[in-house]
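Novice: Would you mind keeping the following structure in view while I ask a few things?
The values are calculated or read from the model by the stated rules, or taken from the named source; none is laboratory data. Only a predicted model underlies this, so the values are computations on that prediction, with no experimental measurement involved. Virtual Cβ from ideal backbone geometry, glycine too; neighbours counted across all protein chains shown.
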Amino acid sequence: MSDNSIPKIVISRLPVYLRALSRMINKGQLVTSSHELGKALGISSAQIRKDLSHFGEFGKQGTGYQVEFLITQLSQILNLDREWEVAVIGSGDIGHAITRYQGFADRGFRVSVIFDSDPQKVGSYINGLEVMHASQIVKVLRERNIQIAMLAIPAEYAQKVTDTVVDAGVRAILSYAPISLNVPDHVRVSYIDPVTHLQSMTYYLSTEQDLMSQPL
């Protein structure tokens, strides 16, 4: 059961630790330390130890962490010790790419249904999945008890579709639509908007260019 007292920023770093640990185990590395993990991720060793301390003691001073054990523990904390079905809403370029993405399978997720309202797309197949009509969202998601949805739709439709998937029982939404969504308190929303990330980075590019152009 999740603990809402743990800061969101701590939870957001756990998958980053898990990814780094998975790379280590794939290379045959059995033991690591907070110092080594921090160096690989650009995070202080003290921060890593503090983050992990919210969930218990996973290593011993002087001996470090057993990589496989820590992977197991973090997977359980993140509820990744099971496979989660994911619904994709929208079969355009982004939805098509998401559905074909092979990186979900070994990390706890499986895209199992995809929906669209475009008659020309409904009935087509993407990565072996038939594109279903959006009118079936509530029925199918309830039948399969799907709790995660990824929205790959234009902003003008995002809130209406969000209301629909929440009504169907979805509790976690990853949205590619460039708009903030209103959801009940029990629903988690994360956003992926490449434009806003680029806009935040160009601030620093401008600042660095101005500094470089100053005379010595």
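Novice: Among the residues of region 67-82, how many are over 29 Å from ARG171 (Cβ atoms) and crowded, with 17+ Cβ neighbours inside 10 Å?
Specialist: Of the residues in that region, 1 qualify.
Novice: What's the total number of residues in region 108-122 that are modelled with pLDDT of 95 or more and at positive phi?
Specialist: 0
Novice: Something else now. Residue by residue through region 85-102, note down the ones that are surrounded by fewer than 16 Cβ atoms within 10 Å (Cβ to Cβ) and either within 21 Å of ASN145 (Cβ to Cβ) or of a type in the set (Lys, Arg) (or both). Spell out how you get there, then give the answer.
Specialist: Residues of region 85-102 surrounded by fewer than 16 Cβ atoms within 10 Å (Cβ to Cβ): 85, 92-93, 97, 100-102.
Of everything in region 85-102, those that are surrounded by fewer than 16 Cβ atoms within 10 Å (Cβ to Cβ) and either within 21 Å of ASN145 (Cβ to Cβ) or of a type in the set (Lys, Arg) (or both) turn out to be GLU85, ARG100.
Novice: Among residues belonging to region 137-155 that are among the β-branched types (Val, Ile, Thr) and farther than 10 Å from SER175 by Cα, point out the one that is surrounded by the fewest Cβ atoms within 10 Å (Cβ to Cβ).
Specialist: To start, the set of residues in region 137-155 that are among the β-branched types (Val, Ile, Thr) comprises 137-138, 140, 146, 148, 153.
Remaining after also requiring farther than 10 Å from SER175 by Cα: 137-138, 140, 146, 148.
On the way: ILE137: 23, VAL138: 14, VAL140: 16, ILE146: 21, ILE148: 19.
Filtering region 137-155 for residues that are among the β-branched types (Val, Ile, Thr) and farther than 10 Å from SER175 by Cα, the one surrounded by the fewest Cβ atoms within 10 Å (Cβ to Cβ) comes out as VAL138.
Novice: Same structure, new question: Across region 108-120, which residue is nearest to PRO15 (Cα to Cα) among those that are surrounded by 19 or more Cβ atoms within 10 Å (Cβ to Cβ) and touching a Ser or Thr at 6+ places or on another chain (Cβ under 8 Å)? If you could, list the steps in order and put the result at the bottom.
Specialist: Just the residues of region 108-120 that are surrounded by 19 or more Cβ atoms within 10 Å (Cβ to Cβ), to begin with: 111, 113-116.
Now drop any that are not touching a Ser or Thr at 6+ places or on another chain (Cβ under 8 Å), which leaves 111, 114-116.
Details: VAL111: 19, ILE114: 25, PHE115: 28, ASP116: 30 Å.
My answer is VAL111.
Novice: How many residues does region 63-87 hold that are within 18 Å of the chain's Cα centre (by Cα) and of a type outside the set (S, T, N, Q)? Walk me through how you get there before you give the answer.
Specialist: Narrowing region 63-87 to residues within 18 Å of the chain's Cα centre (by Cα): 71, 74-87.
When the remaining residues are screened for being of a type outside the set (S, T, N, Q), the result is 71, 74, 77-78, 80-87.
Of the residues in that region, 12 qualify.
Novice: For VAL161, work out the one condition from (1) without any contact (Cβ under 8 Å) to a residue 60 or more places away in the chain; (2) more than 18 Å from the chain's Cα centre (by Cα) it doesn't fulfil.
Specialist: With (1) without any contact (Cβ under 8 Å) to a residue 60 or more places away in the chain; (2) more than 18 Å from the chain's Cα centre (by Cα) applied to VAL161, the lone miss is (1).
Novice: What tally of residues in region 92-120 results from selecting those that are of a type in the set (Lys, Arg) and either within 15 Å of the chain's Cα centre (by Cα) or under 20 Å from THR162 (Cβ atoms) (or both)? Steps first, answer last, please.
Specialist: Here is the first cut: in region 92-120, the ones of a type in the set (Lys, Arg) are 100, 107, 110.
Then keep just the ones that are either within 15 Å of the chain's Cα centre (by Cα) or under 20 Å from THR162 (Cβ atoms) (or both); that gives 107, 110.
Selection size over region 92-120: 2.
Novice: If a residue has to be part of a loop (DSSP other than H, G, I, E, B) and under 16 Å from TRP84 (Cα atoms) to count, how many in region 143-167 make the cut? Show your work before the answer.
Specialist: Initial filter on region 143-167 (part of a loop (DSSP other than H, G, I, E, B)): 145-147, 152-154.
Narrowing further to those that are under 16 Å from TRP84 (Cα atoms): 145-147.
Selection size over region 143-167: 3.
Novice: Another question, then. Take the conditions part of a helix (DSSP H, G or I) and at pLDDT below 95 and apply them to PHE69. Does it pass?
Specialist: So PHE69 fits the description; yes.
Novice: In region 1-45, how many are assigned to a helix (DSSP H, G or I) and either out of contact with any Ser or Thr (no Cβ under 8 Å at 6 or more places or on another chain) or of a type in the set (D, E, K, R) (or both)?
Specialist: Step one: of region 1-45, the residues assigned to a helix (DSSP H, G or I) are 8-26, 34-41, 45.
If we keep only those that are either out of contact with any Ser or Thr (no Cβ under 8 Å at 6 or more places or on another chain) or of a type in the set (D, E, K, R) (or both) as well, we get 8-17, 19-20, 22-23, 25-26, 36, 39-41.
So the count comes out to 20.
Novice: Next question. Which numbered condition in (1) within 30 Å of ILE137 (Cβ to Cβ); (2) assigned to a loop (DSSP other than H, G, I, E, B) is the only one that SER112 fails?
Specialist: Tallying (1) within 30 Å of ILE137 (Cβ to Cβ); (2) assigned to a loop (DSSP other than H, G, I, E, B), SER112 fails exactly one: (2).
Novice: Now for a different question. Say whether the condition of being touching a residue at least 40 places away in the same chain (Cβ under 8 Å), touching a Phe, Trp or Tyr at 6+ places or on another chain (Cβ under 9 Å) and more than 30 Å from ALA155 (Cα to Cα) is met by at least one residue in region 41-53.
Specialist: Yes.
Novice: Go through ALA134, ALA105, ALA177 for me and flag whichever is buried (at least 17 other Cβ atoms within 10 Å of the Cβ) and modelled with pLDDT under 95. Can you show your working first?
Specialist: On the way: ALA134 fails: modelled with pLDDT under 95; ALA105 fails: buried (at least 17 other Cβ atoms within 10 Å of the Cβ).
On inspection, the qualifying residue turns out to be ALA177.
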